[in-house]
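Note sheet for the following structure.
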Amino acid sequence: MQIIINSREYECWHEAGHAVVCLLHGGKVELMEIIQDKDHVGRARARCETTNSTRPKIACGGFAAEYYLYETGAIDVTEKEFVQSALVNAFPDKKQFFGADYEQSNGCWPTEMDIRFRDYAIYQIAPLLKNNHGLLKELANTLFEKEIIYEDEIQTIKENYIK
C-alpha cells in the first residue's frame, strides 16, 4: 500500500519517528496527536521529553521516518520531490536541531545546514527507525486511527516491542 506524501497518514509516520527516537533514548512521550487547529504550524505533533543531548536526535526523527518511507518505496515520489517536501516539513525540527532559526530572506535555510540536518537524520537516525520498524509502524497506525494517544498507551505499545 502506498502512502501519499503529506497526507494525514504520512504525518503520523513523521510524528511516530520523533516518538520512537525519544523512547529509544530513554525519554517519555507525553502524547501524540492530530491537531484540529488549522492555524497550528503542523497538523500533528509528538510531545516528547528532551534534554540538550537528545533534542537534536529527536528533532531528526520526523525527517528520518519520512526518509524511511521514501527508501522503502512506501511513498512514490522522485528524490527531488521527497527532499523538497521533507525539508519543508522539517522546518520546525531544524530549529530544534540547531537551537535557533536560520531562515534566510529567501525563505530557505543555508544549504550546508540543510545538508547537515539531512545527513544526520539519514545516517544516524533512520537506521534506528529501520531497526525498530514494528514500533514505528504501530505508533503511526495507532495515531492515524485514534488521532490522539497518551503516554500510558504509548508506553504499552513500546513495551510490546522493546523489553
*Does at least one position in the stretch 96-119 carry a residue that is within 21 Å of Gly27 (Cα to Cα), charged (D, E, K, R) and at pLDDT 95 or above?*
no
_Answer residue from the stretch 18-53, given it is open to solvent by 20 Å² or more (accessible area, probe 1.4 Å), in contact with a helix residue (DSSP H, G or I) (Cβ under 9 Å, 6 or more places away or on another chain) and assigned to a loop (DSSP other than H, G, I, E, B) and is modelled with the lowest pLDDT among those_ = Val41
*Considering each of Leu69, Leu136, Leu143, Leu129 in turn, give the residue that is aliphatic (A, V, I, L, M), in a helix (DSSP H, G or I), closer than 21 Å to Glu33 by Cα and in contact with a strand residue (DSSP E or B) (Cβ under 8 Å, 6 or more places away or on another chain).*
Leu143
*Within the bounds of the stretch 146-158, is there any residue that is free of Cβ contacts under 8 Å to residues at least 24 places away in the same chain and basic (Lys, Arg)?*
yes
*Output the residues belonging to the stretch 78-92 that are in a loop (DSSP other than H, G, I, E, B) and open to solvent by 30 Å² or more (accessible area, probe 1.4 Å).*
Thr78
*Would the stretch 99-114 turn up any residue that is within 18 Å of Glu15 (Cβ to Cβ) and in contact (Cβ under 8 Å) with a residue 24 or more places away in the chain?*
no
*asked:* Going residue by residue through the stretch 63-71, is there one that turns out to be modelled with pLDDT of 95 or more, within 21 Å of Asn160 (Cβ to Cβ) and touching a helix residue (DSSP H, G or I) at 6+ places or on another chain (Cβ under 8 Å)?
replied: yes
*Any idea which residue in the stretch 93-118 is nearest to Arg47 (Cα to Cα), counting only those that are open to solvent by 50 Å² or more (accessible area, probe 1.4 Å) and part of a helix (DSSP H, G or I)?*
Gln96
*Matching residues, the stretch 57-76, being open to solvent by 30 Å² or more (accessible area, probe 1.4 Å) and not small (Gly, Ala, Ser)*: Lys57, Tyr67, Tyr70, Glu71, Thr72, Asp76
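The values are calculated or read from the model by the stated rules, or taken from the named source; none is laboratory data. Quick caveat, the model's predicted, so the values are computed rather than measured. Cβ sites come from the backbone with ideal geometry, for glycine too, and all protein chains shown count toward neighbours. Note: areas computed on protein heavy atoms with side chains; ligands, DNA, RNA excluded. Shrake-Rupley method; radii C 1.70, N 1.55, O 1.52, S 1.80 Å.
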